[in-house]
Amino acid sequence: MKKVLMGNHAAAVGAALARAQVVAAYPITPQTQSIELLAEMKEKGAFPGAYIAVESEHSAMAALLGAASAGARTFTATSSHGLAYMHELLHWVAGARLPVVMAEVNRALAAPWSLWTDQTDSLSQRDTGWLQFYCSTNQEILDTTIMAYKIAEAVRLPAMVVYDGFTLSHSYEPVEVPAQDAVDAFLPAYRPEQVLDTARPLAFGALVPPKEYLRLRRSMAADMARAETLIEEVGREFGEAFGRCYGVFDAYRCEDATTLLVTSGAVGSTARAAVDALRERGLAAGNLRIRAFRPFPAQALRRFLGRGVKLAVVDRNYSPGASGIFAQEIRAALYPATARPPVFGYVAGLGGGDITVELLQEIWSKVDEGKAEKTQPTWAEDAR
């Protein structure tokens, strides 16, 4: 069924189709409509799960920690300072190996105050042990929410479905909404092996000595690494079921490209238009959009090396004292390779600034023509 949905509603519909059993809700701009829609569905009897209105984002994640420990499939949504407030519980949920799924709507962090998008909020949580998926369309938000449950439950790690505030969260697009029975066939009911059960008492979150702590973290690392392959497998399976395939990357006209724009989030859609415009001028442009940031797809990235290709990485985020975060991760992933392509990092669109087709064409041309600035990162801004 085709519907016109805003991005926040696409996330909520995806969670409902996945048969989330417990939703913990606390509003913050720009994600509020996602939990509002689930509340409306609950009131109308269209959402049979439990809906818990809590007093803070910290409490929202604490509630899901308990619900997931009891064996429930869970969902919440947050943004910006709400995500920062959850920080402690993000570590607890990941360390407890609970497959909570959360919509994370990118919004810049203060100070100064900003309501608009950049990715620093989600990327500041990259070391918490959560899978992170970055979406470029409302269709991808809905689809990724469903796939996130299947992936998270297989590796027993929580997952963030990340998308741009306002650019996607409040924009309406045509979305193909799959039938409930088709989703049920793709995503069976959650059946965890270890749950809170008075008939079978177990210890959860106990104090452990250093050796056991290391072993548990090593196990988490192994499952996070395993997730890279699983994301590709689940994406193909989703394509077979629903006609839309997904992987850790979305590669657009990359086969013969001399320089690749490397993007993430909604900028990936803009980059496609920039690539098309450059191709019309006879230039060998391509766009490599990163869908999965955790685990970072280092193995898959190496498939795009060779032929002297250059990488122009456009980061809508910044790590003070370093550079754009995607550029950092790409350089680290490519370091072991014998033939490393040059990586040029550009920081653009912080706090919701425009990243236009023209700006992306300018970035691509500078890198492709060897005119990129030596100092990294380069701060890029639309001239208009």
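The values are calculated or read from the model by the stated rules, or taken from the named source; none is laboratory data. Note that the structure is a prediction, hence the values are computed from the model and not measured. Glycine gets a Cβ as well: all are built from the backbone with ideal geometry, and neighbour counts include every protein chain shown.
Quick one: would you say Leu196 is surrounded by fewer than 19 Cβ atoms within 10 Å (Cβ to Cβ), in contact with a Ser or Thr (Cβ under 6 Å, 6 or more places away or on another chain) and not in a helix (DSSP H, G or I)?
Numbers: surrounded by fewer than 19 Cβ atoms within 10 Å (Cβ to Cβ): yes; in contact with a Ser or Thr (Cβ under 6 Å, 6 or more places away or on another chain): yes; not in a helix (DSSP H, G or I): yes.
Yes: the conditions hold for Leu196.
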Starting from region 109-125, take each residue that is within 13 Å of His81 (Cβ to Cβ) and not assigned by TED's automatic domain parsing to the domain that holds Leu83 and list its partners that are in a loop (DSSP other than H, G, I, E, B) and among the small types (Gly, Ala, Ser), counting only C-beta distances under 9 angstrom and pairs at least six apart or across chains. none
Residue ID - nearest to Ala203 (Cα to Cα), chosen from residues in region 68-77 that are crowded, with 24+ Cβ neighbours inside 10 Å and among the small types (Gly, Ala, Ser): Ala68
Could you tell me how many of the residues in region 156-168 are in contact with a strand residue (DSSP E or B) (Cβ under 8 Å, 6 or more places away or on another chain) and more than 21 Å from Pro30 (Cβ to Cβ)? 2
Reported set for region 170-193 where residues are exposed (fewer than 13 other Cβ atoms within 10 Å of the Cβ) and either among the polar types (S, T, N, Q) or within 24 Å of Gly71 (Cβ to Cβ) (or both) is Gln180, Asp181, Ala185, Pro188, Ala189, Arg191, Glu193
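Determine which member of the set Tyr213, Tyr246 is closer than 22 Å to Trp130 by Cα and assigned to a loop (DSSP other than H, G, I, E, B).
On the way: Tyr213 fails: assigned to a loop (DSSP other than H, G, I, E, B).
One residue alone meets the criteria, Tyr246.
Out of Met160, Met147, which single residue is assigned to a strand (DSSP E or B), surrounded by 23 or more Cβ atoms within 10 Å (Cβ to Cβ) and not charged (D, E, K, R)? Please lay out each step first, then the result.
Values: Met147 fails: assigned to a strand (DSSP E or B).
When all the criteria are applied, what remains is Met160.
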With the first residue restricted to region 144-159 and required to be touching a residue at least 12 places away in the same chain (Cβ under 8 Å) and small (Gly, Ala, Ser), and the second required to be assigned to a helix (DSSP H, G or I) and crowded, with 21+ Cβ neighbours inside 10 Å, Cβ contacts under 7 Å at 6 or more apart or on different chains are Ala159/Ala148; Ala159/Ile151; Ala159/Ala152
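Please state which one of Ala257, Ala271, Ala285, Ala251 is surrounded by fewer than 19 Cβ atoms within 10 Å (Cβ to Cβ) and farther than 25 Å from Met1 by Cα.
Numbers: Ala257 fails: surrounded by fewer than 19 Cβ atoms within 10 Å (Cβ to Cβ); Ala271 fails: surrounded by fewer than 19 Cβ atoms within 10 Å (Cβ to Cβ); Ala285 fails: surrounded by fewer than 19 Cβ atoms within 10 Å (Cβ to Cβ).
Going through Ala257, Ala271, Ala285, Ala251 in turn, the sole match is Ala251.
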Among the residues of region 55-80, which ones are out of contact with any Asp or Glu (no Cβ under 8 Å at 6 or more places or on another chain) and within 26 Å of Trp116 (Cβ to Cβ)? Ser56, Glu57, Ala60, Met61, Phe75, Thr76
Return the pair list, or none, for Cβ contacts closer than 9 Å from residues in region 40-54 that are assigned to a strand (DSSP E or B) to residues that are among the polar types (S, T, N, Q), at least 6 apart or on different chains. Ala50/Gln21; Ile52/Ser59
With respect to Val4, is the statement that it is surrounded by fewer than 17 Cβ atoms within 10 Å (Cβ to Cβ), outside any helix (DSSP H, G or I) and modelled with pLDDT of 95 or more true? yes
Test each condition in (1) within 30 Å of Ala185 (Cβ to Cβ); (2) of a type in the set (Ser, Thr, Tyr); (3) touching a strand residue (DSSP E or B) at 6+ places or on another chain (Cβ under 8 Å) for Tyr246 and report the one that comes out false. (3)
